[in-house]
Amino acid sequence: MGGSSAEREVSLGTGMAIAGALRELGHQALEVDVGTDLPMRLTAGEPDAAFLALHGRMGEDGCVQGLLEVMRIPYTGCGVLASAVTMDKVVTRELLAFHGLPVAEGIVAGSGQEFDAIACRVAEALSYPVMVKPAREGSSIAVTEVTRPSGLREALELVFACDTRALVERYVKGRLLTVGILGSEPRVLPVVEIITREGFYDYKAKYDSRFTEYEVPADISPPLAEAAGSISLAGFNILGCEGISRVDIILEDETGKLVILEVNSIPGMTENSLIPKAAMAAGMSFNDVVAVLLGGARLKV
């Protein structure tokens with residue numbers, strides 16, 4: 001847990017909650033705050049398995065998974081490739097689109113490109129408002145809703161301060177849904193609707209309950225819930241995910257279509273996180289979810 005990413009504090013919360021559940025389940029659990037001494041910590045601890053509670057770069061992106069493969073320590077969740085792919089929003093959307101799954105139209109801009117050239121490409125391909133996102137950050141870090149061309153430069157500068165590529169997507173207005181996938185034989189959990197009191201589902205809305213409400217299960221028709229689960233499971237399989245993932249989707253107001261926003265390979269896991277909320281609606285306790293994930297820990301290579 002922990003690590004050095006921008007999502008460090010969120011990861012520490014996830015890790016502490018999981019460690020508590022593991023102990024309640026009768027396991028010996030050692031919390032490891034990931035740093036450059038990780039190989040030595042793992043060697044000294046001689047773990048039977050590593051339960052990954054990392055978020056963001058150098059943890060959720062395949063780096064730690066690769067180290068665990070080299071050290072032959074079984075671990076929970078996705079393997080190296082799926083972790084790296086799902087961390088990269090650009091690669092994720094290209095793979096999903098290639099397989100016919102719905103994603104928002106967008107362009108990719110690099111930090112070395114001239115701003116005027118990027119602005120021209122955005123104007124040609126999209127209409128405002130647009131969403132500007134880093135390719136490889138989570139928790140909506142450095143994500144900006146840009147309502148007019150004059151705001152594009154500042155949004156890109158925010159992204160390029162933490163990443164070398166920006167994804168500029170059509171703003172999809174609608175209801176925000178999320179679908180959890182859990183287990184070695186993937187089970188689709190009930191759809192959750194995320195209702196923000198103001199703006200989009202940014203970092204503040206994700207981690208301050210005063211700004212967000214959750215409908216569990218979402219108040220949508222059974223056919224629509226089934227469709228959301230179907231495209232989420234399809235995305236999970238296409239990207240090679242394993243153990244757990246959460247797929248964020250927009251139900252577009254204008255068209256009634258479902259649009260995939262992103263796939264999270266290590267979603268938050270505290271009592272108040274979305275996967276445990278969905279699991280509870282399916283009759284599973286927090287400890288049940290932790291037990292399922294630990295039971296699927298294995299080497300993937």
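The values are calculated or read from the model by the stated rules, or taken from the named source; none is laboratory data. None of the values given here were measured: they were computed from a predicted structure. Glycine gets a Cβ as well: all are built from the backbone with ideal geometry, and neighbour counts include every protein chain shown.
General remarks:
This table checks each residue for (1) among the hydrophobic types (A, V, I, L, M, F, W, C); (2) assigned to a helix (DSSP H, G or I).
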site: 217; (1), (2): no, no
site: 224; (1), (2): yes, yes
site: 236; (1), (2): yes, yes
site: 241; (1), (2): yes, no
site: 246; (1), (2): no, no
site: 261; (1), (2): yes, no
site: 266; (1), (2): yes, no
site: 288; (1), (2): no, yes
site: 293; (1), (2): yes, yes
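- Selection status of residue 162, within 30 Å of residue 76 (Cβ to Cβ) and out of contact with any helix residue (DSSP H, G or I) (no Cβ under 8 Å at 6 or more places or on another chain): yes
- Among the residues making up the range 80-129, those that are in contact with a helix residue (DSSP H, G or I) (Cβ under 9 Å, 6 or more places away or on another chain), in a helix (DSSP H, G or I) and over 15 Å from residue 238 (Cα atoms) are 115, 118, 119, 122, 123.
- Sole residue being modelled with pLDDT under 95 and under 16 Å from the mean Cα position of the chain (by Cα), chosen from 135, 84, 161: 135
- Matching residues in the range 130-182 - criterion: being closer than 29 Å to residue 224 by Cβ, in contact with a strand residue (DSSP E or B) (Cβ under 6 Å, 6 or more places away or on another chain) and assigned to a loop (DSSP other than H, G, I, E, B): 143, 171, 172
- Condition met for residue 218 (touching a Lys or Arg at 6+ places or on another chain (Cβ under 9 Å) and modelled with pLDDT under 95): no
- Beta carbons closer than 6 Å, at least 6 apart along the sequence or on distinct chains, never pair a first residue in the range 249-261 that is outside the structural domain of residue 195 (by TED's automatic domain parsing) with a second that is surrounded by 12 or more Cβ atoms within 10 Å (Cβ to Cβ).
- Of the residues making up the range 54-87, just one is surrounded by fewer than 20 Cβ atoms within 10 Å (Cβ to Cβ) and either among the acidic types (Asp, Glu) or in contact with a Phe, Trp or Tyr (Cβ under 6 Å, 6 or more places away or on another chain) (or both), namely 69.
- Top-ranked residue of the range 270-284 - restricted to ones that are touching a Pro at 6+ places or on another chain (Cβ under 7 Å) and in a loop (DSSP other than H, G, I, E, B), ranked as surrounded by the most Cβ atoms within 10 Å (Cβ to Cβ): 273
- Some residue of the range 26-44 being touching a residue at least 24 places away in the same chain (Cβ under 8 Å), of a type in the set (D, E, K, R) and within 19 Å of residue 271 (Cβ to Cβ): yes
- Checked against the criterion of being in contact (Cβ under 8 Å) with a residue 40 or more places away in the chain and aromatic (Phe, Trp, Tyr), the range 86-109 contains not a single residue that satisfies it.
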